[in-house]
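Inspection log for the structure reproduced underneath, given as structure tokens.
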Amino acid sequence: TAVAYFIEAEVGQAVRDSGIPRDEIWVTSKLWLQDFGFEPAQRAIDVSLQKLGLDYLDLYLIHQPYGDVPGAWRAMEAAQKAGKIRSIGVSNMTPKLWQQFVPEFTTIPAVNQVEFNPYFQQTELRQLLAPHDVKLEAWAPLGQGNQSLLNEPVIQQLAVKYGKDAGQVILRYENQLGIIVFPKSVHEARIKSNLDIFDFDLTPAEIAQLAALDQGHGQ
């Protein structure tokens with residue numbers, strides 16, 4: 001969830017209604033632009049926890065890295081030390097912005113959540129993240145349903161070979177790269193399909209074929 005999605009209360013209610021122990025559910029939220037700065041971010045974190053009805057967040061991200069990012073980050077570090085947040089990270093931080101802000105941080109982000117799919121493989125950013133073991137989380141891991149991507153011949157060929165659909169091939173590729181993926185769906189069958197990717201392994205040659213699809217930019 002995120003402040004900008006206006007669904008924190010609903011997500012918190014769903015967590016409580018699920019009957020699943022809290023420590024088995026991962027909850028992420030994001031700080032929005034109007035709350036950047038140290039004191040505004042401190043207040044926003046408390047408001048998010050109140051709306052969610054939770055004692056802590058598993059992950060909290062800076063949603064867009066503009067404005068008083070250093071102040072917001074200090075507030076997130078303080079909240080982490082206070083036990084309100086388990087891990088802190090950033091979102092949509094390009095290589096340029098990463099190099100601008102992160103050297104000034106006391107704590108290296110655990111995560112950078114960005115657009116990632118076979119057409120936009122974030123090569124430069126991944127090279128910056130790797131030395132610090134920062135995880136890349138992918139939004140739009142299936143290219144937001146881009147039919148050109150889903151119908152790429154190599155993806156279709158691999159789908160036939162492994163008895164999977166195009167989306168499963170893409171998600172497995174990203175998983176084997178160590179990318180954390182968040183495919184979006186409201187359909188139960190599709191959600192189950194997106195999880196059914198762990199019974200096959202792409203070969204190094206196949207991974208190289210999929211890497212060659214990179215166009216170096218997003219939509």
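Worth pointing out:
- Residue match in segment 107-122 (condition: in contact with a Pro (Cβ under 8 Å, 6 or more places away or on another chain), surrounded by fewer than 20 Cβ atoms within 10 Å (Cβ to Cβ) and either within 18 Å of GLU174 (Cβ to Cβ) or not hydroxyl-bearing (Ser, Thr, Tyr) (or both)): no
- Hits in segment 196-219 (condition: at pLDDT below 95, on the phi < 0 side of the Ramachandran plot and exposed (fewer than 13 other Cβ atoms within 10 Å of the Cβ)): HIS217, GLN219
- If you go through segment 178-211 and keep only what is in contact (Cβ under 8 Å) with a residue 12 or more places away in the chain and within 17 Å of PRO153 (Cα to Cα), you end up with LEU202, GLU206, ILE207, GLN209, LEU210, ALA211.
- Taken over segment 32-45, the criterion of being part of a helix (DSSP H, G or I) and closer than 24 Å to LYS184 by Cβ is satisfied by LEU33 alone.
- Applying the condition of being part of a loop (DSSP other than H, G, I, E, B) and surrounded by fewer than 19 Cβ atoms within 10 Å (Cβ to Cβ) to segment 1-26 and asking which residue is modelled with the lowest pLDDT yields ALA2.
- When the helices (runs of 4 or more DSSP H) confined to segment 130-219 are screened for residues that are more than 30 Å from LEU61 (Cβ to Cβ) and touching a helix residue (DSSP H, G or I) at 6+ places or on another chain (Cβ under 8 Å), those reaching at least 3 such residues are found at 153-162.
- The requirement of being in contact with an Asp or Glu (Cβ under 9 Å, 6 or more places away or on another chain), touching a residue at least 40 places away in the same chain (Cβ under 8 Å) and surrounded by fewer than 17 Cβ atoms within 10 Å (Cβ to Cβ) is fulfilled somewhere in segment 149-169, by at least one residue.
- Of all residues in segment 54-67, exactly one satisfies the criterion of being within 17 Å of THR107 (Cβ to Cβ) and of a type in the set (D, E, K, R), namely ASP58.
To keep it simple, each residue is scored yes or no on (1) within 21 Å of the chain's Cα centre (by Cα); (2) modelled with pLDDT under 95.
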{"site": "LEU31", "(1), (2)": "yes, no"}
{"site": "GLU39", "(1), (2)": "no, no"}
{"site": "VAL47", "(1), (2)": "no, no"}
{"site": "GLN50", "(1), (2)": "no, no"}
{"site": "GLY53", "(1), (2)": "no, no"}
{"site": "LEU57", "(1), (2)": "yes, no"}
{"site": "TYR60", "(1), (2)": "yes, no"}
{"site": "TYR66", "(1), (2)": "yes, yes"}
{"site": "LYS81", "(1), (2)": "no, no"}
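- Scanning segment 83-106 for residues that are assigned to a strand (DSSP E or B) and over 15 Å from the mean Cα position of the chain (by Cα), we see that the one that is surrounded by the fewest Cβ atoms within 10 Å (Cβ to Cβ) is ARG86.
- Residue among SER48, SER29 that is assigned to a helix (DSSP H, G or I) and either among the charged types (D, E, K, R) or surrounded by 17 or more Cβ atoms within 10 Å (Cβ to Cβ) (or both): SER48
The values are calculated or read from the model by the stated rules, or taken from the named source; none is laboratory data. As the structure is a prediction and not an experimental result, all values here were calculated from the model. So basically every Cβ, Gly included, is an ideal-geometry build from the backbone, and we count neighbours across all protein chains shown.
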